[in-house]
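The values are calculated or read from the model by the stated rules, or taken from the named source; none is laboratory data. Model, not experiment: these values are computed from the prediction. No Cβ is skipped: glycine too gets one built from the backbone with ideal geometry, and neighbour counts run over all protein chains shown. When the accessible area is computed, the model is the full protein with side chains, heavy atoms only, and any ligands, DNA or RNA have been set aside. Shrake-Rupley method; radii C 1.70, N 1.55, O 1.52, S 1.80 Å.
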Amino acid sequence: MTVADGFSYRDHELHCGSVRVVDIIRETGTPLYLYNLDAVLARFEQHRAAFASFSHRTSYAVKANSTLPLLQALTNAGCGFDVNSRGELHRALKAGADARRITMTGVGKSRADIEDGLAAGISLFNVESASECRLISEIAEAQGMVADILLRLNPDVETETHPYISTGEAAHKFGLSPSDIRSLASQASWLPGLRIAGLAFHLGSQILSPAPYAQGLRVLLKVLDDITPMLDRAPDIIDIGGGFGVRYDAHHGELLPGQVAAVLANVLGPREETWTLITEPGRSLVANAGVLVASVEHVKPSEDRNFLILDAGMNDLLRPALYQASHSIIPLRESDADMQLYDIVGPVCESSDTFAVRYGLPSLERGDLVALLSAGAYGSSMSSNYNSRPLAAEAVVYEGRWHLARERQSLDDLQRGERLLPL
Ligand code: LLP
């Protein structure tokens with residue numbers, strides 16, 4: 001029985017592809033992030049196929065999951081990357097990415113981010129302010145270069161998602177208003193280190209309807225028409241960001257890339273051929289191909305609750321505490337033991353360190369293993385050392401075999417670079 005992308009029960013044991021998860025755990029211990037890269041690649045192919053009628057580039061949003069073997073597998077499959085910092089750039093290059101397929105976004109790029117991007121020869125900077133335009137132009141000019149940029153439009157489009165991950169409304173810090181973009185384009189000749197190659201937007205994350213993309217694109221095309229006469233070379237790139245929502249549990253739908261491609265084609269009509277289209281999917285490629293495996297540390301019945309205390313906490317998977325996100329939780333071994341209602345929590349000293357409340361699972365004991373599903377996106381990449389807890393180990397299954405992707409941090413790793421007082 002399939003439970004997630006590339007995960008299924010066979011003979012009552014959870015498998016990642018054809019590998020029994022408990023066999024990996026025996027070597028790595030828990031908590032462990034485990035990804036099925038074959039499933040990630042299948043999602044990438046689905047994404048690419050959906051946009052095949054466009055001149056199209058995929059820039060996978062590295063922030064969703066920056067595990068090196070995952071970036072390597074995507075590189076080999078021909079995927080490009082969208083990086084949000086020089087740290088992410090460094091990881092993409094380490095994984096073998098071709099800099100000419102890398103775009104850099106981010107509302108607060110530093111001089112060092114920009115210098116590293118230019119030195120690596122990335123293809124585009126997605127720019128979010130006049131101040132950033134001046135800085136990129138100045139750095140590029142000093143190096144005798146011209147940087148290709150997309151101006152990030154804030155199209156003021158509402159999306160039905162968690163307020164923390166909605167980004168395309170006027171009140172948000174992201175992007176530039178249509179009038180700011182017109183004003184910047186009219187000054188483009190004063191910015192000799194830049195070429196405006198097109199416009200971008202990113203509306204938010206975990207979006208479940210294609211309609212906001214159509215709305216955003218209509219605003220973007222209008223602004224493009226306004227600025228084209230002001231520029232020496234006609235802009236030819238449109239970047240519609242990421243945001244494609246995934247199915248976290250049976251109660252929710254998902255937004256398939258084909259649905260977005262259809263509304264875009266509809267809005268563009270015959271103009272489709274004029275543009276290169278960039279998409280920046282993150283979550284939709286990786287969320288459901290990753291799990292967080294944890295052990296039951298203690299079972300603690302109290303008066304009206306039954307706590308299942310795991311060895312993974314909010315420092316490993318922050319999404320439930322930060323966004324009240326729900327992740328399905330399953331035992332590694334299917335059993336027909338009596339069902340119990342558990343409050344499933346981590347070991348961190350915060351009440352928000354709670355993964356699920358009154359959640360039905362077959363009766364479990366100390367030492368039993370569970371998997372938190374849909375943890376492939378914004379799981380390990382948002383994890384922290386809170387409570388001085390080492391970062392979890394990570395492993396991947398690729399072409400049917402498993403590989404360690406990251407060792408569990410040691411206690412010494414937790415103090416690397418720190419100094420005592422000279423007493
Ligand atoms: N492009 C830009 C400019 C972005 O800011 C993002 C995500 C993406 C692409 C990828 O979006 P996706 O396809 O993954 O929805 N930590 C939150 C999600 C934050 C998203 C940040 N930006 C979560 O766990 O739900």
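Amide H neighbours of Asn306 under 5 Å, counting only residues 5+ apart in sequence or on other chains, H built in-plane at 1.01 Å?
Asp343
Could you calculate the FRET efficiency of Ala52 with Arg305 from 1/(1 + (r/R0)^6), where r is the beta carbon distance between them and R0 is 41 Å, rounded to 0.05?
The calculated FRET efficiency here is 0.20.
Under 17 Å Cα to Cα from Lys109, which aspartates and glutamates show up? Leave out anything in the same chain fewer than 8 places away.
Leaving aside aspartates and glutamates fewer than 8 places away in the same chain, those within reach of Lys109 are Asp82, Glu88, Glu128, Glu132, Glu138, Asp148.
Kindly state, to the nearest 0.05, the FRET efficiency for Ser18 paired with His298, given R0 = 45 Å and r defined as their beta-carbon distance.
The calculated FRET efficiency here is 0.85.
Compute the acute angle (0 to 90°) between the alpha-carbon long axis of helix 37-50 and the principal axis of greatest extent of the alpha-carbon atoms of the chain; round to the nearest 10°.
In the chain, helix 37-50 runs at an angle near 40 degrees to the longest axis.
Leaving out ligands, DNA and RNA, and with a 1.4 Å probe, what % of the accessible surface on the chain is carbon or sulfur?
49 percent
Report the gain in length on full extension from Ser384 to Ser189: 0.36 nm times residue separation, minus Cα-Cα distance, nm rounded to one decimal.
Here the segment from Ser384 to Ser189 would lengthen by 65.8 nm.
Any idea how far the Cα center of region 343-394 sits from the one of region 285-328, in Å?
Using only Cα atoms to place each centre, the spacing works out to 3 Å.
If you average 1/r across every pair of different Cα atoms in the chain and take the reciprocal, what Kirkwood value do you get, in Å?
That comes to 22.8 Å for the chain.
May I ask you to evaluate 6.51 cos²θ - 1.76 cosθ + 1.60, the Karplus curve with θ = phi - 60°, for each residue of region 134-144 and list the ³J(HN,Hα) values in order in whole Hz, giving x for glycine and proline?
5, 5, 5, 4, 4, 5, 5, 4, 4, 9, x
Can you compute the FRET efficiency between Ser352 and Ala119 using 1/(1 + (r/R0)^6), with r the Cβ-Cβ distance and R0 = 35 Å? Round to the nearest 0.05.
That pair, Ser352 with Ala119, gives E of 0.25.
HN-Hα J couplings of region 199-212 from phi, Karplus 6.51/-1.76/1.60, θ = phi - 60°, integer Hz, Gly and Pro as x?
Using θ = phi - 60°, the values come out as 10, 9, 9, 9, 8, x, 10, 6, 8, 10, 10, x, 4, x Hz.
List the relative contact order of region 202-350 as a percent without decimals, with contacts defined as Cα pairs under 8 Å and 6+ residues apart.
Result for region 202-350 is 22 percent.
Treating the angle as unsigned and between 0 and 90°, give the value, to the nearest 10°, between the Cα long axis of helix 257-268 and the longest Cα principal axis of the chain.
20 degrees
Compute the distance in nm between two label points, each set 7 Å from the Cα along the Cα-to-Cβ direction, one at Val267 and one at Glu399.
For the pair Val267/Glu399, the computed spacing is 4.0 nm.
Could you run the Karplus curve 6.51 cos²θ - 1.76 cosθ + 1.60 with θ = phi - 60° over region 8-14 and give me ³J(HN,Hα) per residue in whole Hz, x for Gly and Pro?
Each residue's phi maps through the Karplus curve to give 8, 8, 10, 6, 6, 10, 5 Hz.
For Lys222, list the lysines whose Cα falls under 24 Å from its own Cα; do not include residues on the same chain fewer than 8 positions away.
Those lysines meeting the cut-off are Lys173.
What number, in nm² with one decimal, is the all-direction average of the projected area of the convex hull of the alpha-carbon atoms of region 34-157?
8.6 nm²
Run the numbers on region 38-286 and let me know its relative contact order in percent, using alpha-carbon pairs under 8 Å that are six or more apart.
Result for region 38-286 is 22 percent.
Determine the percent antiparallel among the DSSP beta bridges restricted to the chain, to the nearest 5.
50 percent
So how much slack lies between Ser363 and Ala142, counting 0.36 nm per residue of separation and subtracting their Cα-Cα distance, in nm?
Separation in residues times 0.36 nm, less the Cα-Cα distance, equals 73.0 nm.
Can you give the accessible area per residue of the chain, in Å², using a 1.4 Å probe?
Value returned for the chain: 44 Å² of accessible area per residue.
Using just the helices of the chain, give the 222 nm mean residue ellipticity in deg cm²/dmol: DSSP H runs with n ≥ 4 each add -39,500 (n - 2.57), and the total is spread over all residues, rounded to 500.
-7500 deg cm²/dmol
If you bin every alpha carbon distance in region 38-286 into 10 Å steps from zero, what whole percent lands in each bin?
P(r) over region 38-286, rounded to whole percents: 7, 33, 38, 19, 2, 0.
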